[in-house]
Amino acid sequence: MHHSITRSLIAVTILASLGGPTPASAQPLTRASEPPPRGSFLALQNAVEVALQNHPAVQEGNANLKASEARTEQTRSLYYPQVYANADTTAGAGRTNPRFLVGGALLQQNQSIFAAGVIANQRIYDFGVTSNLVESSQLAERAQGQDVNARRALVVLNVQRTYLNSLKRRRLVQIAEETVRERGLIAGQIEALYRQQLKSKLDWNLVRVELVNAESFLVRSRNDLKSSFADLNRAMGVAGQEDYVLEDLAIDVKPTRPLDSLISESLSHPELQRLKEQTASAEAKLRATKQQYLPTISAVASGGTFEPFDARQNQQTGGWWTAGALVSMPLFTGFLIENQIHEARAQKNASDAATTNVEQALTQQVTNSYLDTITFVQQIKLAEEQVRTALEALQLSKQRYKLGLGTVVEVTQSEVAVTAAQTRLAEAQYDYKIAEVTLAYAAGGQGQLEADSTLR
């Protein structure tokens with residue numbers, strides 16, 4: 001009943017970790033870029049810290065935030081004077097139109113010119129273009145900050161889910177090992193009785209078949225556990241398929257708050273906040289784009305040196321400066337501004353639609369996760385009763401078999417029922433915890449996964 005977590009449902013702001021304090025036995029990881037050594041203790045808190053430091057999604061979000069901050073500073077530069085230096089030199093030759101002739105020919109003039117100067121432009125007033133562009137950049141930066149929060153929350157959730165799944169797989173391995181030991185003992189007893197001709201070969205073969213089935217289940221369970229560790233490493237953003245010693249987490253059932261309250265809390269989802277900031281950014285950009293039709297008033301100043309050099313006269317001349325005001329207004333830009341307006345309006349409409357989509361998706365995810373928790377609570381209660389009943393039936397079948405009143409088939413069937421009931425209980429317990437943290441993720445709450453050393 002677990003519903004997939006899509007990127008559009010990225011995250012609530014659950015803090016850097018959701019796992020509670022680190023147990024004293026958990027040593028800090030000195031090299032977070034690498035997984036802990038094989039077979040070492042890995043607390044949930046440690047796993048979260050490794051993920052937040054190393055997961056590519058988090059690193060990508062942080063890099064995008066820095067880029068957004070730089071874009072904001074770029075936009076702010078419009079408030080400051082723009083100062084440019086330029087220099088050029090030219091050389092040429094030609095004839096002048098003289099007022100007199102020298103030797104019956106025109107005067108020949110050769111000249112080189114060097115010019116250098118500085119131009120400063122200070123925007124004074126642009127009817128809000130700059131201020132709206134700065135506001136748009138700031139809102140986009142805030143949206144990117146929410147994106148970082150969303151990425152971190154999703155990474156934390158995935159670590160929690162994979163960690164819980166590894167605990168579930170570990171418990172199933174334990175159940176499989178217990179089953180193999182139990183059936184191995186029975187098989188040994190039946191074999192001894194068969195050697196003494198007190199039991200039939202059929203009984204012996206039947207228990208041997210069930211023993212092989214249990215061993216096969218154990219092999220699959222161990223492989224599933226190894227696969228879950230690979231998933232955990234992937235969730236932490238590290239390479240490898242290392243297995244760890246995991247901390248036990250409390251599998252207690254907690255009362256669930258009303259669904260309406262949970263849905264209301266989902267409005268704090270950082271992905272939703274990101275889209276709202278993005279929409280506001282698009283609106284500010286649209287305003288700035290429309291205002292480009294209006295005049296821009298700037299103060300302009302320039303100065304420099306102008307040095308013509310006459311090769312014959314060896315003569316140089318002085319410098320220059322200017323200052324004044326400039327008013328500019330676009331008359332025709334090849335429909336540039338018009339299409340920029342179309343683009344900005346489309347971006348705003350896209351953000352509006354994305355916001356609505358995420359709101360609906362969050363409502364659905366909260367509802368699904370809420371129903372999952374209720375379902376798994378019911379399954380836990382039923383599985384607990386099944387385990388008690390199956391264990392009682394197993395004891396009765398063994399007693400009946402010893403007294404010669406029952407068959408070995410009854411015993412093997414009772415063993416299968418016990419294994420199945422224990423498996424269902426373990427799956428329901430851990431699936432409940434996965435649904436619980438998923439609900440907290442979608443609803444904007446903080447998931448609480450507490451250590452419990454009494455659990456296996």
Within segment 374-394, is even one residue closer than 30 Å to residue 259 by Cβ, touching an Asp or Glu at 6+ places or on another chain (Cβ under 6 Å) and either in a helix (DSSP H, G or I) or modelled with pLDDT under 95 (or both)? yes
Filtered residues of segment 388-414 (kept if among the β-branched types (Val, Ile, Thr) and under 53 Å from the mean Cα position of the chain (by Cα)): 389, 409, 411, 412
Take residue 192 and tell me if it is surrounded by fewer than 18 Cβ atoms within 10 Å (Cβ to Cβ) and assigned to a loop (DSSP other than H, G, I, E, B). no
Can you find a residue in segment 387-394 that is under 30 Å from residue 272 (Cβ atoms) and not aliphatic (A, V, I, L, M)? no
Going residue by residue through segment 287-299, is there one that turns out to be among the small types (Gly, Ala, Ser), within 30 Å of residue 443 (Cα to Cα) and modelled with pLDDT of 85 or more? no
For segment 202-219, enumerate the residues that are over 13 Å from residue 187 (Cβ atoms) and either touching a strand residue (DSSP E or B) at 6+ places or on another chain (Cβ under 7 Å) or buried (at least 18 other Cβ atoms within 10 Å of the Cβ) (or both). 217, 218
Restricting attention to segment 40-48, does a residue exist that is surrounded by fewer than 12 Cβ atoms within 10 Å (Cβ to Cβ) and either farther than 26 Å from residue 442 by Cα or modelled with pLDDT of 90 or more (or both)? no
Looking at this structure, is residue 166 touching a Lys or Arg at 6+ places or on another chain (Cβ under 8 Å), in a helix (DSSP H, G or I) and among the small types (Gly, Ala, Ser)? no
Checking the conditions here, which among 212, 148 is in contact (Cβ under 8 Å) with a residue 12 or more places away in the chain and assigned to a helix (DSSP H, G or I)? 148
Among the numbered criteria (1) charged (D, E, K, R); (2) modelled with pLDDT of 90 or more; (3) closer than 30 Å to residue 326 by Cα; (4) in contact with a helix residue (DSSP H, G or I) (Cβ under 8 Å, 6 or more places away or on another chain), which single criterion is violated by residue 69? (3)
If residue 257 meets every condition in (1) in a helix (DSSP H, G or I); (2) farther than 23 Å from residue 44 by Cα apart from one, which number is that one? (1)
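The values are calculated or read from the model by the stated rules, or taken from the named source; none is laboratory data. Keep in mind that what you see is a predicted model, and the values were worked out from it rather than measured. Don't worry about glycine lacking a Cβ; one is built from the backbone with ideal geometry, like all the others, and counts go over all protein chains shown.
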